[in-house]
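The values are calculated or read from the model by the stated rules, or taken from the named source; none is laboratory data. Keep in mind the model is a prediction, meaning the values are calculated, not measured. Virtual Cβ from ideal backbone geometry, glycine too; neighbours counted across all protein chains shown. When the accessible area is computed, the model is the full protein with side chains, heavy atoms only, and any ligands, DNA or RNA have been set aside. Shrake-Rupley method; radii C 1.70, N 1.55, O 1.52, S 1.80 Å.
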Amino acid sequence: MLLVTGCQLGERPSFSSDPFPPGSLTGDPYVDAVLEQLDAVTTGPATAVYSVLRKYGNVEYIATVVLSNGQRAVTLGNTKFLQSEPVVQTCKVDGSAPCVNGIVAQSASDVGLTVDFYAADTAKRLRRDSGAKTGPTLTHNDTIAEQAATCVDVPLVGGTAVYCSLANGILAKLDDGDVLVTLTMYADEADLAAFVPSS
């Protein structure tokens, strides 16, 4: 009996754990124009305020994003995520629970958005929806919160998803089957008080 063995050199073939990796383009120029902005989001200084509607349950709340030199403070309703030097913490705005160290995503699991909603998470949604589109996309330029925004409409089974971003990559609008997120105020500045840790 002859036994033949061998070894393979180089990286083993594998399945990607992320089918929509950051930086990947779709080949649709209208989708990719928005993706390129979301992927290159500003590090600040910037302040963005959003009105949010989680469509399931008809839940409305305010979200804010403050960015400055690698620091960020993101508030989703009653939950604030802070990443600054040297503190990373998750807090309840109303003080109903003590702050905890680290970014605890499940603290805002009821709002339909993540701490990265203002760029990276929306880019991932757009990549996913682009792969499921049922027809050609449509591009348009809108003015949202007095800011110029690049938008793409993606036709899907059950409706059309709308994605808009500012030139610096900040989300301007997201309207899909789950949420409606609309920028209501934007400024190229950051209040440093947003980065003061809570006790």
Assign unit charges at the C-beta atoms only (+1 for Lys and Arg, -1 for Asp and Glu), then state the dipole size of the chain relative to its Cα centre in Debye, rounded to the nearest 20.
500 debye
Before anything else, pin down the relative contact order of the chain: Cα pairs under 8 Å, at least 6 apart, normalised by residue count, whole percent.
25 percent
How large is the accessible surface per residue of the chain, computed with a 1.4 Å probe and reported in Å² as a whole number?
55 Å²
Using the basic label-point model (7 angstrom from Cα toward the beta carbon), what is the VAL196 to VAL100 distance in nanometres?
2.6 nm
Packing-based ranking, highest mean first, of 87-99, 180-192, 26-38, 160-172 given that Cβ atoms within 10 Å are counted
160-172, 26-38, 180-192, 87-99
When the accessible area of the chain is computed with all protein chains present and a 1.4 Å probe, what percentage of it is carbon and sulfur?
55 percent
Value of Rg/Rh across the range 62-152 [Cα atoms, Kirkwood radius]
1.06
Where nothing but the Cβ of Lys and Arg (+1) and of Asp and Glu (-1) is charged, how large is the charge dipole of the range 38-123 around its Cα centre, in debye to the nearest 20?
140 debye
Positive-end extreme of charge dipole, the range 84-199 - chosen from THR134, ALA187, GLN147 (charges on Cβ):
THR134
Signed unit charges on C-beta, dipole axis of the chain, positive-most listed residue PRO45, LEU67, GLY102:
GLY102
Could you work out the helix-only [θ] at 222 nm for the chain, with each DSSP H run of four or more residues adding -39,500 (n - 2.57) and the total divided by the number of residues, to the nearest 500 deg cm²/dmol?
-3500 deg cm²/dmol
